[in-house]
Structure formats: structure tokens, C-alpha cells
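*Asks:* The following block contains the structure, expressed as C-alpha cells.
The values are calculated or read from the model by the stated rules, or taken from the named source; none is laboratory data. Fair warning: this is a prediction, and the values are worked out from it, not measured in the lab. With ideal geometry, Cβ positions are generated from the backbone for all residues, glycine too; neighbour counts draw on all protein chains shown.
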Amino acid sequence: MNVLFLTMARIGSLSDRGVYTDLLRKFSDDGHKVYVVTPVERRENKKTGIIEEKSGTILNVRTFNIQKTNILEKGLGTLAIESQFLNAIKKYLPHIKFDLVLYSTPPITLVKVISYIKKRDNAYAYLMLKDIFPQNAVDMNMLKKGSVLHRFFQKKEKKLYEISDFIGCMSAANESFLLHHNPQISSQKVEINPNTIEPLELRQTPEEKNAIKTKYALPNDKKIFVYGGNLGKPQGVEFLLQTIEKTDRKDVFFLVIGSGTEYSRIQKWFQDRKPDNALLMKGLPKDDYEFLLRACDVGMIFLHKDFTIPNFPSRLLSYLDLKLPVLAATDTSTDVGTILEKANCGFSVLWGDQTAMQDAIPKFCTDDARYNQMKENAWKLLVTEFHVDRSYGLIKEKIQHV
């Protein structure tokens, strides 16, 4: 069958590893033809065009800057992307009849594109719900509840749910939240379809690990707690910085690596405080980033306490893929911490509870046997719950029963 994937995420190549690319390659490997529509932001100075690859066709659509930009341009870009995608599909893929259209949130503003493909091709529409907007923006005080813009986006959100034949949620908490706040949605068209990847077990000798630490000026005699990824308001980075400041252990070192709207603030904090137990690094290319992660010992997740929507960060899979136990500081809505503790591959605390955080950190350092078991449990959790075969099987099952 012909599969169309619409995404706000930048997909440079289907050979890259990631939540979406791993799933799309699975479709391709199973004999299906994959077509991806992905934005090329204006800062890249490239035109709209087609790229043909072994695993599928990528349609790059020139858009406004929509990631890591000011809120005005991000808003305009989010609104404009619908017509930009639709025009590009009509121009570059006019003769392809699609059997399945896959799409993720964000954004929620692709209703016209999805409706067009459904009506033209009688395609099956499957929503992979990765973000609950506009409520997340309300939680972060980026959007005023009840405002004209908020009501506009709410109408878009409800229309997106309405035209979707099926909705896959990242976790049980996501599913419960969606159905509770949208009673018009039948539970029969909702399921748990988590973030998934194709696991790649990467073995590393102690000598190789020490060589990486030397390269990046990391200590060889301490447990490296790493926070990697977006550094923005949703992460509540002030608690991360407070944790670095309050941790007074000779066997712990923090590595903060990433980029985002809060990076300058974090950089200034490091320049002013000059902590001797932490290092800040700007985001690296994906391959270099994963190479560096292999030298770390504990992955960290931070979610701002004000979230009422149950987030489930995809960076968790990067940690599990490297057999890293995880320390999560989260809000009360998400179930990511509960899943970690149930699988015995990490610990969870409430964002802002520094006492609990200081109680949790030593649990990764004082018992080598427990730590090594958590590493194995991390890998087991990945291959049993977050393997790409699970997500692919769920979606394929829906098409077979149409």
C-alpha cells in the first residue's frame, strides 16, 4: 500500500534513527511505499522539492521557521503549514493514491490536508498523538485559556480528532486524559501506541568508554548523570540547575547537553556559578550526541510541574537504547516515572522536590549490583514495550480490518 506521513518534525533521511523514521522504514521493509511530507524551514535556505531514497520518497516543503524561534513566527508558521503542505502534495504527488495517511501532533493544523487525502483517495487516517495542544501551551502560560486564539485552536483540535479514523496515545495516562477531556471521542477508536524505535544494542568496552570521557573532558571516576535534549520551558530547567547546585557528592557529575529557548539562561548560570560537578555543552549532531551518551551512566528527564497533560518524552528511548537507568523529575500528570519504577530501571521524583531528588541520586551510585540490574531492565523495557514492531503491528492491524 501507499503510506503518506505528515510531520512537523524535520526528516532529512529515512535512514536516520528515530521514532518516526524507524516506523517508516518498517513499513518500507514490509513492502509498502512510503511518502513523507516534512518542513524545510526558511533558515535552511532551500526550496520545496522531492528526494528519492531506498526506503521512500521525501517531499521537503519550504515553511516559516517553526522550531526554536520566536512565538510570533512559530504561530504564523504553524498556521501556514497547512496550505503549504496541501499545495506541495497537489503539485508534487498528484497521481499517488494513498491507502494510509499517518500524522502526529504537533501540529493540529493539518485538518484540511488530511481531509483532502481521505476524500480524494478514501485513505485510512491514523493519528499518533504525541502532544496535546493547545492545553500544553495553556499549562506553560504561552496561551491564555479562553482567549480567541485558544478557542480557535480548540476547534482545530476537536476537528482533527473527529476526522481521524483511529488515535494512538503514548501511554495509559495519555489515553485517559484524551477520553476524559473529549467525551465525544469513542473509546473504540483510541488505543495505546507508544513511542517506539528499532533497538540497536551497542556494546562498549571500559577502554572505549574512558576514551570518550577523555575526549569530552568528563571525569573517569564518577557516575555521569546526563540530561540531553531540548532545553526549554517545558523542562523546567530551574530544577535541573538547583539539583546541580544542591548535589554534594564526590562520585556524581552532571552533563547537560542540548539547545533550546532556555539555553542562554543556563549558559549564564554556568558562567556565573562555575560548578565543578557539571558541564554544559551545546547540542551536537545526532551521531556525535549518541556517541557521547554511551559514556554516561544515568539518563535524566525533567518535566515542568505545571503540566496538566501527561507528557511522555521520546528521549527516554535514547536512554533505554544505551541501557541507561533513568532518573525522572516530573509533574503529577505523566506516568513515565511510574513505568520506570515498575520496570525497576530507574526512579522518579516530583519536579521541585529536592529532598526526594537527593535521596534518589545515591541509589544509582552505592550498589553496583543494583545499578547493573537496572541497566539490563532498561534494555528489557525497551524491547518489550517500545519496539517498533509494536507500533507497526497496531497500525497495520487497523488497515487489514478496514
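*Asks:* If you take just the strands (runs of 3 or more DSSP E) that sit entirely in the range 253-368, which of them hold at least 3 residues that are surrounded by fewer than 21 Cβ atoms within 10 Å (Cβ to Cβ) and not small (Gly, Ala, Ser)? Spell out the reasoning first.
*Replies:* Values: elements: 278-282, 298-302, 326-330, 346-350.
Qualifying strands (runs of 3 or more DSSP E): 278-282.
*Asks:* Right, next: When you scan the range 148-168, how many residues do you find that are part of a strand (DSSP E or B) and among the β-branched types (Val, Ile, Thr)?
*Replies:* Residues of the range 148-168 part of a strand (DSSP E or B): 166-168.
Now restrict to residues that are among the β-branched types (Val, Ile, Thr): 167.
The number of residues fulfilling the criteria is 1.
To keep it simple, each residue is scored yes or no on (1) charged (D, E, K, R); (2) touching a residue at least 24 places away in the same chain (Cβ under 8 Å); (3) not assigned by TED's automatic domain parsing to the domain that holds Val37.
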position: Thr105; (1), (2), (3): no, yes, no
position: Thr109; (1), (2), (3): no, yes, no
position: Arg120; (1), (2), (3): yes, no, no
position: Asp139; (1), (2), (3): yes, yes, no
position: His150; (1), (2), (3): no, no, no
position: Lys156; (1), (2), (3): yes, yes, no
position: Gln184; (1), (2), (3): no, yes, no
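*Asks:* Still on this structure: Within the range 136-147, can you find the residues that are within 15 Å of Gly75 (Cα to Cα) and part of a helix (DSSP H, G or I)?
*Replies:* Within the range 136-147, Asn136, Ala137, Val138 meet the criteria.
*Asks:* Now for a different question. Of all residues being within 20 Å of the chain's Cα centre (by Cα) and in a loop (DSSP other than H, G, I, E, B) in the range 74-127, which is surrounded by the fewest Cβ atoms within 10 Å (Cβ to Cβ)? Just the residue, please.
*Replies:* Pro106
*Asks:* Could I ask something else about it? Has the range 243-254 got any residue that is of a type in the set (Asp, Glu) and at pLDDT below 90?
*Replies:* If we filter the range 243-254 for residues that are of a type in the set (Asp, Glu), which is where we start, we get 245, 248, 251.
Keeping just the survivors that are at pLDDT below 90 gives none.
So far as the range 243-254 goes, no, none of its residues is of a type in the set (Asp, Glu) and at pLDDT below 90.
*Asks:* Could you run through the range 1-15 and say how many residues are closer than 20 Å to Lys46 by Cα and of a type outside the set (A, V, I, L, M)? Spell out how you get there, then give the answer.
*Replies:* Within the range 1-15, the first condition is being closer than 20 Å to Lys46 by Cα, and the residues that meet it are 6-14.
After this cut, where a residue has to be of a type outside the set (A, V, I, L, M) as well, the list is 7, 10, 12-13.
Qualifying residue count, the range 1-15: 4.
*Asks:* Here is a follow-up. Name the residues in the range 169-216 that are among the basic types (Lys, Arg) and either in contact with a strand residue (DSSP E or B) (Cβ under 6 Å, 6 or more places away or on another chain) or in a helix (DSSP H, G or I) (or both), would you? Don't jump to the end; show me each part of the working.
*Replies:* So the first thing to find is which residues in the range 169-216 are among the basic types (Lys, Arg), and the list is 189, 203, 209, 213, 215.
Listed by number, the residues that qualify are Lys189, Lys209, Lys213, Lys215.
*Asks:* Among Leu76, Leu127, Leu93, Leu102, which is the only one that is among the aliphatic types (A, V, I, L, M) and over 22 Å from Leu24 (Cβ atoms)? Write out each step before concluding.
*Replies:* Values: Leu127 fails: over 22 Å from Leu24 (Cβ atoms); Leu93 fails: over 22 Å from Leu24 (Cβ atoms); Leu102 fails: over 22 Å from Leu24 (Cβ atoms).
Being among the aliphatic types (A, V, I, L, M) and over 22 Å from Leu24 (Cβ atoms) holds for just one of Leu76, Leu127, Leu93, Leu102, which is Leu76.
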